[in-house]
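> One structure is given below, represented as structure tokens, and several questions about it will come after.
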Amino acid sequence: MTIAKKIEVKITASSWIRRMFEEGAELKKKFGPENVYDFSLGNPNLPPPAKFKQVLQELIRSESPAAHAYMPNTGYPDVCGAVAGFLAKEQGAPVEGTDVIMTCGAAGALNIALKAILDPGDEVLTPAPCFVEYGFYADNHGGVLKTVASRPDFQLDLSSLAAAITAKTKVVLINSPNNPTGAVYSAESLKALGELLETKSREMNRTLYLISDEPYRKVVYDGVTVPSIFAAYRESLIGTSYSKDLSIPGERIGFVAVNPAATHRKALLGGMALANRILGFVNAPALMQRAVARLQGEQADIGAYKRKRDLLCDGLAAMGYEFVKPAGTFYLFPRSPIPDDVEFVQALKAERVLVVPGSGFHGPGHFRIAFCVDDAVIKNAMPGFERAIRKYRG
Ligand SMILES: Cc1ncc(COP(=O)(O)O)c(C=O)c1O
């Protein structure tokens with residue numbers, strides 16, 4: 001044994017997306033990349049908005065001597081202020097710069113929040129299907145992830161959530177718009193969730209936190225808006241990033257914000273500032289902080305994802321695939337035509353169509369298609385999708 005047992009086990013458990021990626025690389029070598037239809041990764045394929053490059057050039061031209069130095073762990077105060085100004089309008093809450101900590105992406109945001117909140121053995125409840133990394137993030141900080149099935153339309157199942165809250169529960173972690181389902185939770189359900197957490201906190205005489213993971217907030221279609229989490233529940237935090245809306249996931253820039261009305265606001269912010277440093281992030285990337293401060297409200301051409309969604313949904317619906325049309329994100333989560341989603345994913349792979357089994361997201365019986373790909377990939381994959389469903393449905 002040369003590495004930690006726990007990590008060895010996790011490498012195996014987390015292997016679905018990685019396995020599809022590796023198998024895809026093999027297929028691409030064999031058949032040529034244009035003949036493999038790879039929907040396995042949620043890597044935005046749109047360029048960042050033109051203003052991104054312009055802002056970077058301006059920043060480099062006007063650089064001060066300390067531009068690359070260490071800074072407060074929470075980020076540049078003026079950047080936190082710019083983020084808070086935008087967030088205050090979006091959330092309808094008096095968010096200030098001191099309520100915001102700049103982070104290395106949404107992943108960094110969620111990790112510092114969980115580090116600051118969890119004691120060993122505390123449970124993090126999340127609706128399933130869910131982003132597979134949540135289990136690792138909870139475990140990173142001694143917590144345990146518990147999943148609670150969503151309704152068949154992928155909306156929150158409040159009675160199941162209520163039943164799953166125990167004396168060990170510390171955090172409810174939600175993600176809307178959701179990876180992998182594309183669902184956007186309604187304002188009514190968030191309000192009801194807030195009421196539930198308030199009642200349970202009172203009954204148990206301790207604070208239950210709601211963390212809202214929102215990197216897809218601006219990736220929504222057909223006029224859908226994502227309701228304010230701060231309006232829904234007082235003891236709430238938002239973890240998010242510019243990875244998807246500005247199409248810059250490799251730049252690792254995001255933030256965490258605490259509800260200004262939260263009871264333990266100061267302690268949470270102090271704990272997360274320390275966690276940002278001691279988890280090894282130290283602070284979020286300096287140049288990117290300065291860039292996003294000037295890019296509030298900007299986004300990549302999200303309309304292109306809507307076109308891709310419609311192309312995919314129309315094509316698959318005509319073949320008999322069943323799914324809930326995503327209101328946001330660039331993921332579609334159809335029902336597998338056979339109960340064994342892994343077998344169906346293999347059938348698609350035989351057609352050189354690469355997707356990820358729902359089992360990899362605590363959502364068996366489904367599969368995930370990441371449609372952040374060229375339109376041509378979607379069009380050229382259609383015959384393969386058709387042959388795969390015909391194999392089982394005649
Ligand atoms: C639901 C969800 N949360 C968090 C993340 C992590 O985002 P980031 O790359 O900004 O850290 C992702 C990335 O795909 C995601 O899908």
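> Just to verify a result, which residue in the range 35-57, among those that are in a helix (DSSP H, G or I) and in contact (Cβ under 8 Å) with a residue 24 or more places away in the chain, is surrounded by the fewest Cβ atoms within 10 Å (Cβ to Cβ)?
Let us first name the residues in the range 35-57 that are in a helix (DSSP H, G or I), namely 35, 50-57.
This time we only want the ones that are in contact (Cβ under 8 Å) with a residue 24 or more places away in the chain, so: 35, 51-52, 55-56.
On the way: Asn35: 11, Lys51: 14, Phe52: 21, Val55: 19, Leu56: 16.
Checking each candidate, the answer is Asn35.
> Still on this structure: One residue is enough: does the range 298-321 have a residue meeting the conditions in a helix (DSSP H, G or I), modelled with pLDDT of 95 or more and within 15 Å of the ligand (Cβ to nearest atom)? Walk me through how you get there before you give the answer.
Taking the range 298-321 first, the residues in a helix (DSSP H, G or I) are 302-319.
Keeping just the survivors that are modelled with pLDDT of 95 or more gives 302-319.
Keeping just the survivors that are within 15 Å of the ligand (Cβ to nearest atom) gives 305.
Yes, the conditions are met somewhere in the range 298-321.
> Further question: Quick test for you: out of Phe371, Phe367, Phe361, pick the one residue that is in contact with a helix residue (DSSP H, G or I) (Cβ under 6 Å, 6 or more places away or on another chain), over 16 Å from Val219 (Cβ atoms) and open to solvent by less than 10 Å² (accessible area, probe 1.4 Å).
On the way: Phe371 fails: over 16 Å from Val219 (Cβ atoms); Phe361 fails: in contact with a helix residue (DSSP H, G or I) (Cβ under 6 Å, 6 or more places away or on another chain).
The match here is Phe367.
> In the range 236-275, how many residues are aliphatic (A, V, I, L, M), touching a Phe, Trp or Tyr at 6+ places or on another chain (Cβ under 8 Å) and over 19 Å from His141 (Cα atoms)? Give the steps one after another, and end with the answer.
Applying the first criterion (aliphatic (A, V, I, L, M)) to the range 236-275 yields 237-238, 246, 248, 253, 256-258, 261-262, 267-269, 272-275.
Now drop any that are not touching a Phe, Trp or Tyr at 6+ places or on another chain (Cβ under 8 Å), which leaves 237-238, 246, 248, 253, 261.
Keeping just the survivors that are over 19 Å from His141 (Cα atoms) gives 246, 248, 253, 261.
Adding up the residues that qualify gives 4.
For every residue, the table says whether it meets (1) touching a residue at least 12 places away in the same chain (Cβ under 8 Å); (2) of a type in the set (Ser, Thr, Tyr).
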residue: Ala164; (1), (2): yes, no
residue: Ala167; (1), (2): yes, no
residue: Gly182; (1), (2): yes, no
residue: Leu190; (1), (2): yes, no
residue: Leu193; (1), (2): yes, no
residue: Asn205; (1), (2): no, no
residue: Glu214; (1), (2): yes, no
residue: Leu237; (1), (2): yes, no
residue: Ser243; (1), (2): yes, yes
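> Might you check whether a residue that is touching a residue at least 12 places away in the same chain (Cβ under 8 Å), open to solvent by 40 Å² or more (accessible area, probe 1.4 Å), farther than 17 Å from Ala261 by Cα and within 14 Å of the ligand (Cβ to nearest atom) occurs anywhere in the range 91-108?
no
> Moving on to the next point. Given (1) open to solvent by 10 Å² or more (accessible area, probe 1.4 Å); (2) assigned to a helix (DSSP H, G or I); (3) within 16 Å of the ligand (Cβ to nearest atom), identify the lone condition not met by Gly271.
(3)
The values are calculated or read from the model by the stated rules, or taken from the named source; none is laboratory data. Quantities reported herein were computed from a predicted structural model and do not represent experimental measurements. Note that each Cβ is placed from the backbone with ideal geometry, even for glycine, and that neighbours are counted across all protein chains shown. With ligands, DNA and RNA removed, areas are computed over all heavy atoms of the protein, side chains included. Shrake-Rupley method; radii C 1.70, N 1.55, O 1.52, S 1.80 Å.
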